[in-house]
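Participant: Sending over a structure as structure tokens; questions will come in a sec.
The values are calculated or read from the model by the stated rules, or taken from the named source; none is laboratory data. These numbers were taken from a predicted model, which means no experiment stands behind them. No Cβ is skipped: glycine too gets one built from the backbone with ideal geometry, and neighbour counts run over all protein chains shown.
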Amino acid sequence: MIKRYLILLIFVFSSYAQNNEVVFVQMNDVYEIAPLEGGKYGGLARVKTIIERIKQSNPNTFVVLSGDFISPSALSTSTFDGSRINGRQMVDVLNAIGLNFVTFGNHEFDYKQDVLQNRINESHFEWISSNVKFINNGKITPFSQRGSDLPKYKIIKLEFNNNIQPLKIGIIGICINSNKQPYVEYSDYFQTAKDTYHNIMDSIDCAVAITHLNIDDDKKLANELPQLKLIMGGHEHINMHYETVGTVIAKADANAKTVYIHRLLFNEKNEFIKITSELVKVDESIPEDPAVKDMVDTWVTRAYKGFFDKGFDPLKMVIDLKNDTLDGREETVRYSQCALGYLIGNAMFNASKNSDLAFFNSGAIRIDDKLTGEVTQYDIIRILPFGGKILQVDLKGSLLKKIIETGFNQPGSGGYLQFFGMELTQDGYKVKGELIDDNKIYNAAVADYLLTGLEQNFNFLTENNPGIIKIYEPDPIDKSDLRNDIRFAIISWLEKWNR
């Protein structure tokens with residue numbers, strides 16, 4: 001009797017031990033290769049250490065990045081070898097850490113098609129694109145990687161000693177349609193995901209998705225396609241974790257301040273059992289992988305030289321905030337008139353002559369971080385990596401009102417505007433203490449991007465708008481004209497403030 005009981009126990013424990021684990025290490029929205037905040041957080045050399053530690057105990061580990069990485073990185077705006085870096089440093093370091101799979105983020109399309117194609121071809125990792133295709137001379141085709149079409153899905157097959165058949169996991173990649181370039185075609189997120197899943201459902205044991213969508217769309221995707229066990233999302237820059245019926249949705253913090261580690265458990269029949277997800281801080285407690293750190297340092301040195309050539313001194317302190325904080329996080333700058341927005345608007349105003357007010361799109365602020373202590377010129381570049389000119393625009397009060405209302409009516413988007421020199425009162429909007437007059441002409445210091453009509457809901461704001469009377473460009477020859485680069489205007493203003 002005792003012998004039979006022992007045999008039963010051995011059988012139970014051996015059955016449990018036969019469960020098989022697959023690990024996904026998830027990052028999203030990574031624009032910086034080096035640690036941030038004086039080395040406290042982030043850094044892809046630390047991520048490499050995390051990956052290697054996990055692989056030591058489980059070789060069935062895959063690293064994914066859920067979009068937004070070749071842009072808008074601050075280092076990408078510098079130059080090396082006579083040309084703009086344009087995300088080369090990101091691909092180089094991501095190759096080195098052993099990244100396996102990515103999907104497009106909307107900011108991958110900040111670049112022209114040839115630049116994006118070069119970055120795709122340089123990648124050792126695989127791009128998965130279910131709903132995004134390439135428009136080539138009017139024909140819609142998949143994007144390609146070194147001559148091969150990017151797949152709509154990926155099926156990974158894993159051999160386990162106790163399994164009769166390999167475990168097969170299908171991966172779908174979905175991107176938001178918020179950056180509509182003439183060479184990009186988007187299909188419906190939800191229908192494409194469902195169609196892709198139904199094409200592979202008979203060939204897989206489990207389905208997951210890498211997405212770059214807002215969280216509401218991730219939740220909708222989970223509801224419409226509950227067969228997805230895991231959605232590894234991006235687009236938002238703060239960590240999130242939700243569980244619906246049958247689906248886990250997770251996002252890590254931007255710039256690899258954290259990574260998510262998802263452990264998927266299957267039995268010997270390849271049947272899914274459960275997911276456990278752990279959010280891991282990437283901080284000073286994690287040592288940097290030496291080889292990756294050397295690569296990061298090399299790229300930083302290259303980029304800093306490029307900034308020096310443009311007239312910046314990246315390491316130079318422009319102000320010591322001491323215990324004060326400048327909050328550049330998206331949840332701050334895209335939802336409220338904030339201190340950083342006020343500072344930038346003030347700098348624009350002071351770099352201009354005889355302006356009545358200043359405004360810019362909050363989407364220009366890309367740092368998604370808090371600054372405290374010593375702020376360097378590189379931090380200013382991180383705040384506004386796209387740079388751009390300050391234009392002075394004579395415009396009618398009626399158009400100014402429309403601009404203000406359009407900006408304030410879209411909190412959460414890059415089109416939410418930050419202002420200086422304007423106030424909202426119970427009676428209406430005031431400039432210089434007086435209500436805006438529809439027929440009066442005002443001079444506004446404006447970020448040049450806003451006059452392209454490309455910012456969200458600002459398609460009406462172009463030089464051809466009848467409400468625009470005249471546009472004054474900065475003098476490109478005059479190096480002292482701070483309007484040529486908004487970042488020099490901010491640096492100059494902060495240095496004066498710091499005296």
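Residues are listed down the side, and each one gets a yes or a no for (1) surrounded by fewer than 20 Cβ atoms within 10 Å (Cβ to Cβ); (2) in contact with a Lys or Arg (Cβ under 8 Å, 6 or more places away or on another chain):
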residue	(1), (2)
A193	no, no
I200	yes, no
V208	no, yes
N239	yes, yes
V245	yes, no
K251	no, no
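Participant: OK, next. Which of the residues belonging to the stretch 235-279 are under 19 Å from D218 (Cβ atoms), in contact (Cβ under 8 Å) with a residue 40 or more places away in the chain and over 25 Å from the mean Cα position of the chain (by Cα)?
Facilitator: Within the stretch 235-279, L264, I275 qualify.
Participant: How many of the residues in the stretch 419-440 are in contact with a Leu (Cβ under 9 Å, 6 or more places away or on another chain) and free of Cβ contacts under 8 Å to residues at least 40 places away in the same chain?
Facilitator: 6
Participant: Moving on to the next point. Can you name the residue in the stretch 419-461 that is aromatic (F, W, Y) and assigned to a loop (DSSP other than H, G, I, E, B) and is also surrounded by the fewest Cβ atoms within 10 Å (Cβ to Cβ) among such residues?
Facilitator: Applying the filter and picking the extreme gives F460.
Participant: What are the residues in the stretch 403-418 that are more than 14 Å from V446 (Cβ to Cβ) and either in contact (Cβ under 8 Å) with a residue 40 or more places away in the chain or assigned to a loop (DSSP other than H, G, I, E, B) (or both), if any?
Facilitator: N409, Q410, P411, G412, S413, G414, Y416
Participant: Restricting attention to the stretch 92-108, does a residue exist that is within 25 Å of the chain's Cα centre (by Cα), hydroxyl-bearing (S, T, Y) and within 27 Å of V292 (Cβ to Cβ)?
Facilitator: Taking every residue of the stretch 92-108 in turn, at least one turns out to be within 25 Å of the chain's Cα centre (by Cα), hydroxyl-bearing (S, T, Y) and within 27 Å of V292 (Cβ to Cβ).
Participant: List the helices (runs of 4 or more DSSP H) inside the stretch 268-357, counting only whole elements, that have at least 2 residues being exposed (fewer than 14 other Cβ atoms within 10 Å of the Cβ) and not assigned by TED's automatic domain parsing to the domain that holds E473.
Facilitator: 290-309
Participant: Could you list, in sequence order, all residues of the stretch 464-496 that are more than 30 Å from L326 (Cα to Cα) and outside any loop (DSSP other than H, G, I, E, B)?
Facilitator: The answer is I468, I469, K470, I471, Y472.
Participant: So which of S187, S178 is under 20 Å from N28 (Cβ atoms), out of contact with any Ser or Thr (no Cβ under 6 Å at 6 or more places or on another chain), of a type outside the set (A, V, I, L, M) and in contact (Cβ under 8 Å) with a residue 40 or more places away in the chain?
Facilitator: S178
Participant: From the residues in the stretch 167-183 that are in a loop (DSSP other than H, G, I, E, B) and of a type outside the set (S, T, N, Q), which one is farthest from I140 (Cα to Cα)?
Facilitator: Filtering first and then ranking leaves I176.
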